[in-house]
Amino acid sequence: MLLLSAIDHIVLRVTSLDSMARFYCDVLGCIREREVEELDLVQLRAGGSLIDLVAVHGELGKSGGIAPGHEGRNMDHFCLSVSGVSERELCAYLASRSIQHSEVATRYGAQGFGRSLYLSDPEGNTVELKLAA
């Protein structure tokens with residue numbers, strides 16, 4: 001039997017590699033780790049995990065069909081753990097970046113119940129930010 005320990009990576013098909021990479025790096029604090037230009041792939045470090053951004057019109061992205069948009073998305077949402085910040089500080093930070101978000105509420109996740117909020121990235125993917133206990 002397999003024992004899963006963490007999310008290794010997620011892959012988002014995107015229409016703009018640049019704006020999405022800026023959002024995940026400049027707003028959420030990811031680090032640009034690797035680029036594979038011939039595949040239109042940018043890999044971002046998110047703690048112990050990776051967020052892969054793949055251009056929808058590139059070699060890898062074409063296999064997923066039409067681009068994400070109002071009619072459909074690639075996923076419901078994904079959740080990133082956030083540490084070293086309080087609820088108030090997180091909300092103030094997002095406001096300073098003009099990022100709209102949901103109310104902070106208690107939700108269940110991989111580490112049990114905790115406080116989190118939802119926001120949208122520039123292409124409409126829902127991101128949950130869960131505060132570390």
Any residue at all in segment 84-94 that's polar (S, T, N, Q), touching a Lys or Arg at 6+ places or on another chain (Cβ under 9 Å) and under 18 Å from residue 130 (Cβ atoms)? no
Extreme residue, modelled with the lowest pLDDT, among residues of segment 110-126 that are under 30 Å from residue 55 (Cβ atoms) and either part of a helix (DSSP H, G or I) or out of contact with any Ser or Thr (no Cβ under 7 Å at 6 or more places or on another chain) (or both): 110
Return a yes/no flag: does segment 42-61 have any residue that is modelled with pLDDT of 85 or more, small (Gly, Ala, Ser), in contact with a helix residue (DSSP H, G or I) (Cβ under 8 Å, 6 or more places away or on another chain) and more than 17 Å from residue 16 (Cβ to Cβ). yes
Checked pairs for segment 56-84, first more than 14 Å from residue 11 (Cβ to Cβ), second modelled with pLDDT of 75 or more and among the acidic types (Asp, Glu), C-beta under 6 Å and 6 or more apart or across chains, list as 77/128; 79/128
Checked 39, 50 against criteria (surrounded by 15 or more Cβ atoms within 10 Å (Cβ to Cβ) and within 25 Å of residue 6 (Cβ to Cβ)); the one match is 50
Scope segment 94-109; condition surrounded by 12 or more Cβ atoms within 10 Å (Cβ to Cβ), outside any loop (DSSP other than H, G, I, E, B) and over 17 Å from the mean Cα position of the chain (by Cα); matching residues: 107
Residue 90 passes all but one of (1) more than 22 Å from residue 52 (Cα to Cα); (2) part of a strand (DSSP E or B); (3) touching a residue at least 40 places away in the same chain (Cβ under 8 Å); (4) of a type outside the set (Asp, Glu); which number fails? (2)
For residues in segment 20-72 being part of a helix (DSSP H, G or I) and within 23 Å of residue 95 (Cα to Cα), which is nearest to the chain's Cα centre (by Cα)? 24
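The values are calculated or read from the model by the stated rules, or taken from the named source; none is laboratory data. Small disclaimer: the values here were computed from a predicted structure and weren't measured. Virtual Cβ from ideal backbone geometry, glycine too; neighbours counted across all protein chains shown.
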